[in-house]
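Working notes, beginning with the structure itself.
The values are calculated or read from the model by the stated rules, or taken from the named source; none is laboratory data. As the structure is a computational prediction, the values presented were derived from the model and not from experiment. Ideal geometry is used to build each Cβ from the backbone, glycine not excepted, and the neighbour counts take in all protein chains shown. Heavy atoms of the whole protein, side chains included, go into the accessibility calculation; ligands, DNA and RNA do not. Shrake-Rupley method; radii C 1.70, N 1.55, O 1.52, S 1.80 Å.
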Amino acid sequence: MSSLNKMPAITRNPAAERMKELMNYDELSNCIRCGFCLPACPTYRETGLEAASPRGRLALMKAAVDGHMPADDELRKQLDLCLGCRACEPACPSGVQYGGLLEQAKEAIEDRTTHPLWIEWIRKAAFKHLFVNQKRMRLLGGSIAFYQKSGLQWLTRKLGLLHILPDHMRQMEAILPPASSSGVARELGTFIPARGKKRGTAGMFSGCIMDILFLETNKNTVMLLAEVGFDVVIPPGQNCCGALHAHSGEGEGARGLAVNNIRAFKEAQVDIIVSNAGGCGAMLKEYGHLLHHGKDGVTREDAIWFSDRVKDVSEVLDSIAPLDDLGELEGRVTYQGSCHLQNVMKVKNPPRQVIRGIRGVSYVELHESDRCCGSAGIYNVVQPVMAGGIIDEKMVHVKRTQADILVTSNPGCLLQMKHGIHKAGLDKEMRAVHLVDLVAEARGNAARSD
């Protein structure tokens, strides 16, 4: 890798020039090429290629910024192959903030890339019209719900029409949860009072995908927060966290979404901001970094105010406001960690502690539970081969747990683990659930037995 520094400079292309403008060069130079990140990186472990490791990708980024290579399709290919799981960060002795550098590089390349018209149309529809608008997301949820409930899904499967889709897309369709067009605020209102003595005010981050595909999880989250003594506010002005934008090189779009969320929750005057999705929570936690220069009247200090209040729901249930009774549930339970929850939010033990606190549960640790499952936002859709290899290895370890229930704390992980269970033929032996839904089920069992 050191030979890159001896190569003669070449003429930079526009993308490389943009990388030089956007990227934190001091941070980029902090990598000492020690290799501690290599065993932590899923794509390096799958391929054995140096370029597919954090160390290799940082070297490629630096070579482009220094003018030793162009920021071309080969560089973009390696950056896109990265899951963005950030398992390399805890492993790095130099503390390199790889995730921020990856997002800066992707934004720079995207700023100077011209896509084919059909890709431009899809990106514009998704990033500028769909995810930024809660009403359109609910319309999408309603459309999926109609497909599922009207008989159209049954007919489509019966006629074999799904065979026009790639295999991984057919498998994902098979485990798609029931969709909704309403959302948690429409179901429960925007203010839910605390039960018993009030501890404070919690702002519920409802998310975009969570609100249309995991509505029951959102509702259970709100009710648990009220149960432990929080007035729960669901600000109507909130929107998507911006994670999909940031991970796809749409940095300006991510910053715009962050501004809206900060304003919405500041106006609500909340004490904490609760997320039940590891990927969303990690993005919310990094608003101070995302808006380090401020934007549209929202300052970096405003962003830090916001980020400092972000908590995962497991932190609330474990230590901030623990429940007196987590309920009862018989069976063997294992846990697959959310990469962003543990690597960015630094929340590792609280979900496990909550599971262990349920009466009747026999908890069994999953080997390499901290290794990415291959979901990574929409990674399993755009990189199905790599994601498929990762989930196949994951399921070998899952099967060895002989668990009845597999728990996770992120919607993407939950769908990927459902996919893995289905793919491994374990549907009759095991189910995957969100941590919040596990607690709600256990508390329901306890209430019925009283």
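Residues of region 1-36 that are more than 26 Å from A246 (Cα to Cα) and at pLDDT below 90: M1, S2, S3, L4, N5, K6, M7, P8, A9, I10, T11. Here M137 meets each of (1) closer than 25 Å to S375 by Cα; (2) open to solvent by 30 Å² or more (accessible area, probe 1.4 Å) with one exception, condition (2). From L317, L326, L341, grab the single residue that is crowded, with 20+ Cβ neighbours inside 10 Å and assigned to a loop (DSSP other than H, G, I, E, B). Going through L317, L326, L341 in turn, just one is crowded, with 20+ Cβ neighbours inside 10 Å and assigned to a loop (DSSP other than H, G, I, E, B): L326. Of the residues G242, G251, G196, the single one that is under 19 Å from the mean Cα position of the chain (by Cα) and surrounded by fewer than 22 Cβ atoms within 10 Å (Cβ to Cβ) is G251.
No other residue among I144, I122, I109 is at pLDDT 90 or above, of a type outside the set (S, T, Y) and open to solvent by 50 Å² or more (accessible area, probe 1.4 Å) apart from I122.
Every residue, every condition in (1) assigned to a helix (DSSP H, G or I); (2) touching a residue at least 40 places away in the same chain (Cβ under 8 Å); (3) among the aliphatic types (A, V, I, L, M); (4) more than 11 Å from M19 (Cβ to Cβ), yes or no:
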{"position": "L58", "(1), (2), (3), (4)": "yes, yes, yes, yes"}
{"position": "H68", "(1), (2), (3), (4)": "no, yes, no, yes"}
{"position": "A71", "(1), (2), (3), (4)": "no, yes, yes, no"}
{"position": "E74", "(1), (2), (3), (4)": "yes, no, no, yes"}
{"position": "R86", "(1), (2), (3), (4)": "no, yes, no, yes"}
{"position": "Q104", "(1), (2), (3), (4)": "yes, yes, no, no"}
{"position": "I109", "(1), (2), (3), (4)": "yes, yes, yes, no"}
{"position": "W121", "(1), (2), (3), (4)": "yes, no, no, yes"}
{"position": "A125", "(1), (2), (3), (4)": "yes, no, yes, yes"}
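Tallying residues that are free of Cβ contacts under 8 Å to residues at least 40 places away in the same chain and either part of a helix (DSSP H, G or I) or open to solvent by 40 Å² or more (accessible area, probe 1.4 Å) (or both) within region 25-38 yields 4. Pairs linking a residue in region 337-358 that is under 15 Å from D325 (Cα atoms) to a residue that is hydroxyl-bearing (S, T, Y) and assigned to a helix (DSSP H, G or I), with Cβ atoms under 7 Å and 6 or more positions apart or on different chains, are V354/S314.
Here is a yes/no grid of residues against (1) hydrophobic (A, V, I, L, M, F, W, C); (2) within 18 Å of V382 (Cβ to Cβ); (3) in contact with a helix residue (DSSP H, G or I) (Cβ under 9 Å, 6 or more places away or on another chain); (4) open to solvent by 50 Å² or more (accessible area, probe 1.4 Å):
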| residue | (1), (2), (3), (4) |
| --- | --- |
| S53 | no, no, yes, no |
| L58 | yes, no, yes, no |
| V65 | yes, no, yes, no |
| L75 | yes, yes, yes, no |
| L81 | yes, yes, yes, no |
| C85 | yes, yes, yes, no |
| L101 | yes, no, yes, no |
| T113 | no, yes, yes, no |
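The test for being touching a helix residue (DSSP H, G or I) at 6+ places or on another chain (Cβ under 9 Å), at pLDDT below 95, at negative phi and of a type in the set (S, T, N, Q) does not hold for S307. Test N276 against the stated conditions and say whether it is polar (S, T, N, Q) and open to solvent by less than 30 Å² (accessible area, probe 1.4 Å). Taking the combined requirement at face value, the residue satisfies it.
When region 88-102 is filtered for residues that are assigned to a helix (DSSP H, G or I) and either farther than 21 Å from C373 by Cβ or among the aromatic types (F, W, Y) (or both), the ones remaining, listed by number, are Y98, G100, L101.
Has region 350-365 got any residue that is open to solvent by 30 Å² or more (accessible area, probe 1.4 Å) and within 21 Å of the chain's Cα centre (by Cα)? No.
Only a single item in (1) open to solvent by less than 30 Å² (accessible area, probe 1.4 Å); (2) within 25 Å of D318 (Cβ to Cβ) is not met by I390, and it is number (2).
Looking at K423, is it buried (at least 16 other Cβ atoms within 10 Å of the Cβ), under 23 Å from R86 (Cα atoms), in contact (Cβ under 8 Å) with a residue 40 or more places away in the chain and among the charged types (D, E, K, R)?
Here the answer is no, as K423 does not meet what is asked.
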